[in-house]
1. It is to be established whether one or more residues within segment 145-164 are acidic (Asp, Glu) and within 16 Å of ligand 2 (Cβ to nearest atom).
2. How many of the residues in segment 183-212 are part of a helix (DSSP H, G or I) and surrounded by 14 or more Cβ atoms within 10 Å (Cβ to Cβ)?
3. Please specify each residue of segment 22-40 satisfying the condition of being more than 16 Å from ligand 2 (Cβ to nearest atom) and not in a helix (DSSP H, G or I).
4. Could you list, in sequence order, all residues of segment 49-69 that are assigned to a loop (DSSP other than H, G, I, E, B) and β-branched (Val, Ile, Thr)?
5. Out of GLY144, GLY130, GLY80, I need the residue that is in contact (Cβ under 8 Å) with a residue 60 or more places away in the chain and away from ligand 1 (no atom under 16 Å from the Cβ). Which one?
6. Specify the residue that is surrounded by the most Cβ atoms within 10 Å (Cβ to Cβ); the eligible residues are those in segment 56-67 that are in contact (Cβ under 8 Å) with a residue 12 or more places away in the chain and near ligand 1 (Cβ under 8 Å from one of its atoms).
7. Hey, any hits in segment 90-98 for a residue that's hydrophobic (A, V, I, L, M, F, W, C), buried (at least 16 other Cβ atoms within 10 Å of the Cβ), outside any loop (DSSP other than H, G, I, E, B) and over 17 Å from the mean Cα position of the chain (by Cα)?
8. Kindly indicate the residue of segment 28-59 that is within 16 Å of the chain's Cα centre (by Cα) and among the polar types (S, T, N, Q) and also farthest from LYS78 (Cα to Cα) among those meeting that condition.
Amino acid sequence: MNIIFLGAPGAGKGTQAEIVSDTYGIPTISTGNIIRAALKNGTPMGLKAKSYIDSGALVPDEVVIGIIKDRLAEDDCKNGFILDGFPRTIPQAQALEEMGVPIDRVVDIDVPDEKIAERMSGRRVCKACGSSYHVEYKKPKTEGVCDACGGELVRRVDDAPETVLERLNVYHSQTEPLKAFYAERQKLVTVSGQEDVRDTTALTLKALEDLA
Ligand code: ADP
Ligand code: ZN
């Protein structure tokens, strides 16, 4: 199955994507994680993306489209994949169609703006492997330490409150129109983000059960 997760920054789509990925044994492709890894490794793409990502702006379409094209060509995507954070603009969604990549379902994790700021301020990510946590909603076993790899948990630069507002603006103006785009194609399902991650997961798995 080929699935897209949509939603505002901090809505928890990455967490849901990972769970679905484990459940169905298909890879999650997170453009945010790929870009942050490039940044950390100081590749030319990473250097180009840095100013955009730090200010809460979107990285140019042609850069992320190139990333996705390369990634989807890899072997592990043959039996399906989950896209987390792509597409984020109409031109990106059109590029996916032009590539001839069929999409079975688009899951929109819906969380109101008021809740987003609160969620983002508590978000922490592993410096080493990129796994994400929340100081209240998704605690690691040991405070400040990644369950998966033992790495240090830190706040992302772009999770600073001013930047979060900018990212929300970007989301509403550039990404939200994708809901209509995929609704028109009868692909969209909306999952209402719950306080407890497990409740959201139950709704997400239900929204996908007929595809299994
Ligand atoms: P979140 O879902 O919490 O906003 P991501 O890790 O998906 O975080 O994205 C972080 C940043 O990476 C974005 O603010 C943007 O700068 C860049 N980025 C990720 N995916 C895309 C994309 N599809 N198009 C453009 N920029 C992207
Ligand atoms: Zn880790």
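The values are calculated or read from the model by the stated rules, or taken from the named source; none is laboratory data. Fair warning: this is a prediction, and the values are worked out from it, not measured in the lab. So basically every Cβ, Gly included, is an ideal-geometry build from the backbone, and we count neighbours across all protein chains shown.
1. Residues of segment 145-164 that are acidic (Asp, Glu), as a first pass: 147, 152, 158-159, 162.
Next, only the ones that are within 16 Å of ligand 2 (Cβ to nearest atom) stay: 147, 152.
Scanning segment 145-164, I find at least one residue that is acidic (Asp, Glu) and within 16 Å of ligand 2 (Cβ to nearest atom), so the answer is yes.
2. Our first condition is that a residue be part of a helix (DSSP H, G or I); within segment 183-212, this holds for 183-184, 197-211.
When the remaining residues are screened for being surrounded by 14 or more Cβ atoms within 10 Å (Cβ to Cβ), the result is 183, 197, 200-201, 203-205, 207-208.
Matching residues across segment 183-212 total 9.
3. Within segment 22-40, GLY25, ILE26, PRO27, ILE29 qualify.
4. Step one: filter segment 49-69 for residues assigned to a loop (DSSP other than H, G, I, E, B), giving 56-60.
Once the filter is applied, which keeps residues that are assigned to a loop (DSSP other than H, G, I, E, B) and β-branched (Val, Ile, Thr), segment 49-69 yields only VAL59.
5. Details: GLY144 fails: in contact (Cβ under 8 Å) with a residue 60 or more places away in the chain; GLY130 fails: away from ligand 1 (no atom under 16 Å from the Cβ).
Going through GLY144, GLY130, GLY80 in turn, the sole match is GLY80.
6. VAL64
7. Quick first cut of segment 90-98, residues hydrophobic (A, V, I, L, M, F, W, C) only: 90, 93, 95-96.
Then drop every residue that is not buried (at least 16 other Cβ atoms within 10 Å of the Cβ), which leaves 93, 95-96.
When the remaining residues are screened for being outside any loop (DSSP other than H, G, I, E, B), the result is 93, 95-96.
Subset that is over 17 Å from the mean Cα position of the chain (by Cα): 95.
Yes, because at least one residue in segment 90-98 is hydrophobic (A, V, I, L, M, F, W, C), buried (at least 16 other Cβ atoms within 10 Å of the Cβ), outside any loop (DSSP other than H, G, I, E, B) and over 17 Å from the mean Cα position of the chain (by Cα).
8. In the first step, residues of segment 28-59 are kept if they are within 16 Å of the chain's Cα centre (by Cα); the result is 28-37, 53, 56-59.
Within this subset, residues satisfying the condition of being among the polar types (S, T, N, Q) are 28, 30-31, 33.
Working: THR28: 13, SER30: 17, THR31: 18, ASN33: 21 Å.
Among those residues, the one meeting the criterion is ASN33.
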